[in-house]
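None of the figures in this text is laboratory data; all of them are computed from the coordinates on show. These numbers were taken from a predicted model, which means no experiment stands behind them.
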Amino acid sequence: MKIAIIGAGAIGGYVGVKLALAGEDVTFMVRGANLDAIRKNGMKLIMHDGSEHVAGDVKATNNYAEAGPQDIVILAMKAHQVEAVANDLPKLFAPHTTVVTMQNGIPYWYFHKHGGPFEGSQVHSVDPTGILVKNIPPQRVIGCVVYPASELVAPGVVRHIEGDRFPVGELDGTASERVTRISECFSRAGFKAPVLDNIRSEIWLKLWGNLTFNPISSLTHSTLQDICQFPLSRELAASMMREAQDVAHKLGIGFRVTLEKRIAGAEKVGKHKTSMLQDIEAGRAPEIDALVGSVVELGRLTQTPTPHIDTLYALVKLLARTMQEESGQVRLQLAA
């Protein structure tokens, strides 16, 4: 199948290489150093066991019209980066094209085919102008939750850390022909991609930790283990998770693991810096609204108090604004 990967970062590079090596016709939509590196050397994947794999026959371009219509378009960038490419994405669409969304957090399409009183509501914190729902119609979308961890270590080079699970699902929960086809495509590439009948529940399960540990780590410069083992921050995390659970329950979502088990799982990851903390330290725009602001918004929508989440959201948004205004980064320095 013809598959366009939007972005060749940590996840896009990992997915693209594996799909290409499985025989799919892969095009990376990239720019800058990544574009030059892939055109010259292909896309390299270093697996967790040290083995190296190079997809040398992939295409790379920043010209969406040149890439042309695809069978599958995979959005493999962070949620706040999608708007920048939204106007170009329709150039990749044929009538049958399916879009696989791999963003963390509450997606812009959340209430499409949701049912109930909130059917069709817009998630303004994720799609404030409506450009996403206009240019990436939810009818095209297959939801996907990303569990693997990887990192872009150099232009055109990704290192896989752990994980291979990418559960997928139709927004209405049906086991359609197209979602089955995507699941099988991912499976041929070596991924675990079960078809779920409630992709939103899986989104919330991952978000449960992201909306909590990301902002706490960004403000305290602490790792997951630090947060979970320090009693005050552990209780703060639990309070935020209880608030999110209340919001989710009002939207018909159940959690298949307990709150304490979810925290324990984060603690077992060890001295790991969250993606938001890595962005803060590198001076990159952090992913805040899809992970935290969206839950604040859904709290308002469902008339559910979220005081702890609100507080962390305000603080990390201010930090991001200060970084932007000062063109700076924030990281701990070793004392003299």
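Annotation: the antiparallel percentage among DSSP beta bridges lying fully within the chain is about 30. Is region 1-48 best put as rounded, prolate or oblate by its Cα gyration tensor, with a ≥ b ≥ c the root eigenvalues, rounded for a/c under 1.5, and otherwise prolate when a/b is larger than b/c, oblate when not? In terms of gyration-tensor shape, oblate.
Rounded, prolate or oblate, given the Cα gyration tensor of region 200-326, with a/c below 1.5 counting as rounded? Oblate shape, in that a/c is at least 1.5 and b/c is the bigger or equal ratio.
Whole Å is fine, so just give me how far the alpha carbon centre of region 89-136 lies from that of region 26-57. Each part's Cα centre sits 29 Å from the other's. Less than 5 angstrom separates the built amide H of ALA76 from those of ILE6, all sequence-distant by 5 or more or on a different chain. The distance separating the Cα centre of region 273-336 from that of region 184-250 comes to 15 Å.
Checking the Cα-Cα distances for LYS206/LYS261; LYS2/LYS192; LYS78/LYS206; LYS271/LYS317; LYS18/LYS192; LYS59/LYS134 against a 18 Å cut-off, the pairs over it are LYS2/LYS192; LYS271/LYS317; LYS59/LYS134. Using a cutoff of 8 angstrom between alpha carbon atoms and counting only pairs six or more residues apart, the relative contact order for region 200-326 works out to 35 percent.
With n ≥ 4 as the cut-off for DSSP H runs, can you work out [θ] at 222 nm for the chain, using -39500 (n - 2.57) per run divided by the number of residues, rounded to the nearest 500?
After summing the helix terms and dividing by the residues of the chain, the value is -12500 deg cm²/dmol.
Here the Karplus relation 6.51 cos²θ - 1.76 cosθ + 1.60, evaluated at θ = phi - 60°, turns the backbone of region 63-74 into coupling constants of 9, 5, 5, 5, 5, x, x, 10, 7, 9, 10, 9 Hz, with x for every Gly and Pro.
Considering only PRO167, PRO107, PRO117, the Gaussian network model of the chain with Cα springs below 10 Å gives its largest mean-square fluctuation to PRO117. Largest first and in whole Å, the equivalent-ellipsoid semi-axes of the chain read 30, 25, 19, each the square root of five times a Cα gyration tensor eigenvalue. Overall shape: prolate for region 24-156, with the ratio a/c of the largest to smallest alpha carbon gyration tensor axis at 1.5 or above and a/b above b/c. Computed on the chain, with alpha-carbon pairs under 8 angstrom and 6+ residues apart, the relative contact order is 15 percent.
Computed from backbone phi, the HN-Hα couplings of region 34-46 come to 4, 4, 4, 5, 5, 5, 7, 10, x, 9, 9, 10, 9 Hz, rounded to whole numbers (Karplus: 6.51 cos²θ - 1.76 cosθ + 1.60, θ = phi - 60°; Gly and Pro given as x).
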